[in-house]
2 protein chains.
Amino acid sequence: MDGPALHPDVAPLGFLLGSWMGEGKGFYSTVAPFEYGEEIRVWHIGKPVLAFTQRTWSLDDGRPLHGEAGFWRMAGPGSVELVVAHPNGHAEVAEGRLEGTSISVASISLTRTSTAKQVDAIERDIRVDGEIMTYELRMAAVGQPLDGHLQAELRLGATH
Amino acid sequence: MDGPALHPDVAPLGFLLGSWMGEGKGFYSTVAPFEYGEEIRVWHIGKPVLAFTQRTWSLDDGRPLHGEAGFWRMAGPGSVELVVAHPNGHAEVAEGRLEGTSISVASISLTRTSTAKQVDAIERDIRVDGEIMTYELRMAAVGQPLDGHLQAELRLGATH
């Protein structure tokens, strides 16, 4: 564990740090249900922000499915901010609450490139219990109402 | 060089792939000029998108300054899309042109979290000549007009 100390501003988010591996289920009114493997890496460089990358792959054949990259910030006690770049051309800005090791954020803006499908809202609930992370993601996209889309459970593999 | 082949949709952007290291200069009407070291990593996983992370540090004392993460996409021949998450709470969506190994993109949206400073526009010119990448970044922020902000030169260190 070399590197700078965790900035005190993001110390309440320190439980997210590390490499997480697990599996999830995807579903939505417009797609066939699917199962995926997932790796999430969360790190810091001593600044008041946590960086993360995430990738998923199909449990059928291992082909890559999705990936995200972004940053977690604290906006004040219990107040969380999230910025995410999506490979399919979306940029997500979300805000919400942190209580203990549970986070709930909802998008306040979803912008996109000209060729990206329309996504109107994303809500994320993330919970860490010891070395287990679970999350649920709800989405409103392509004209559909907000509905469950992803649900996964991951295990902490490495803390740095 | 293991891993999947580069997706043909992003083959025109293949010249960006690799790890780039170099130095740059920062300036803006609201800050003292500064010099920075920089590392840019660009990779792919076989999908029609390139992923990248970037980080800079002060040449004075090595302290980390900035970092970005995002994705490059092609929207058609010569047409480029960029999505970037910024650690200071901004999400950037940009579009522009690719000619040979020169890219010029301008932001079409800049969204932000509640605690982030206002940034109104970012323009990026990137050029690769062999193993040398140079870029210029112009920015309109905190009430100032679009103006030069960053200029850097990097060298290709590793292709994967």
For B:S58, inter-copy label distances in nm, listed shortest first [label point 7 Å out on the Cα-Cβ vector]: 5.0
How much FRET efficiency would the formula 1/(1 + (r/R0)^6) give for A:E136 and B:S114, where r is the Cβ-Cβ distance and R0 is 30 Å, rounded to 0.05? 0.80
Label 7 Å beyond Cα on the Cβ vector: B:D147 copy-to-copy distances, nm: 5.1
At 7 Å along the Cα-to-beta-carbon direction for both A:A32 and A:R63, put a label point, then send me their distance in nm to one decimal. 1.1 nm
So, in nm and shortest first, the distances from B:S104 to its counterparts in the other copies, with label points 7 Å along Cα→Cβ, work out as 4.8
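Using the Cβ atoms and a cut-off under 15 Å, what net charge is assigned to the surroundings of A:R138, where Lys and Arg are +1 and Asp and Glu are -1? Don't skip to the end; give the middle numbers.
Values: positive: A:K25, A:R124, A:R127; negative: A:E92, A:D120, A:E123, A:D125, A:E136, A:D147.
Charge balance in the 15 Å sphere: -3.
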Taking a crude spin-label model, label points 7 Å out from Cα along the C-beta direction, the A:Q151 to A:M21 distance in nm is 2.5 nm
Please average, across the residues of A:57-66, the number of beta carbons from any other chain that are within 10 Å of each residue's own beta carbon, and give a whole number. 1
Per the 1.4 Å probe, what fraction of the accessible area of segment B:1-120, in percent, lies on carbon and sulfur atoms? 53 percent
I'd like the Karplus ³J(HN,Hα) series for segment B:16-26: coefficients 6.51, -1.76, 1.60, θ = phi - 60°, whole numbers in Hz, and an x wherever there's a Gly or Pro. 7, 5, x, 10, 10, 10, x, 9, x, 10, x
Report A:S109's accessible area, 1.4 Å probe, all protein chains in place, as a number in Å² to the nearest 10. 30 Å²
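Could you compute how much accessible area chains B and A hide from each other, both sides summed, with a 1.4 Å probe? Nearest 100 Å² is fine. Present the calculation step by step, with values, prior to reporting the outcome.
Numbers: alone 8670 and 8660 Å², together 14890 Å².
That pair hides around 2400 Å² of surface in total.
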Of B:K25/B:K117; A:K25/A:K47; A:K47/B:K117; A:K25/B:K47; A:K25/B:K117, which sit over 27 Å apart, Cα to Cα? A:K25/A:K47; A:K25/B:K117
Peptide-level mean, for B:99-105, of C-beta atoms on other protein chains within 10 Å: 0
Quote the accessible area belonging to B:D120 in square angstrom, nearest 10, computed with a 1.4 Å probe and with ligands, DNA and RNA left uncounted. 80 Å²
Probe of 1.4 angstrom, ligands and nucleic acids ignored: what's the accessible area per residue over chain A, in square angstrom? 47 Å²
Euclidean distance of C-alpha centroids, segment B:89-160 and segment B:8-54, integer Å: 9 Å
Measuring from its Cα centre, the protein assembly as shown shows a charge dipole (+1 at each Lys and Arg Cβ, -1 at each Asp and Glu Cβ) which, in debye to the nearest 20, is 260 debye
Within segment B:47-154, which trypsin sites (Lys or Arg not before Pro) sit in a loop by DSSP and count at most 13 neighbouring Cβ atoms inside 10 Å? B:K117
Any idea what the dipole of segment B:8-156 comes to, in debye rounded to 20, about its Cα centre with Lys/Arg Cβ at +1 and Asp/Glu Cβ at -1? 380 debye
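The values are calculated or read from the model by the stated rules, or taken from the named source; none is laboratory data. Not measured: the values here are computed from a predicted model. Note: ideal-geometry Cβ built from the backbone for every residue, glycine included; neighbour counts use all protein chains shown. With ligands, DNA and RNA removed, areas are computed over all heavy atoms of the protein, side chains included. Shrake-Rupley method; radii C 1.70, N 1.55, O 1.52, S 1.80 Å.
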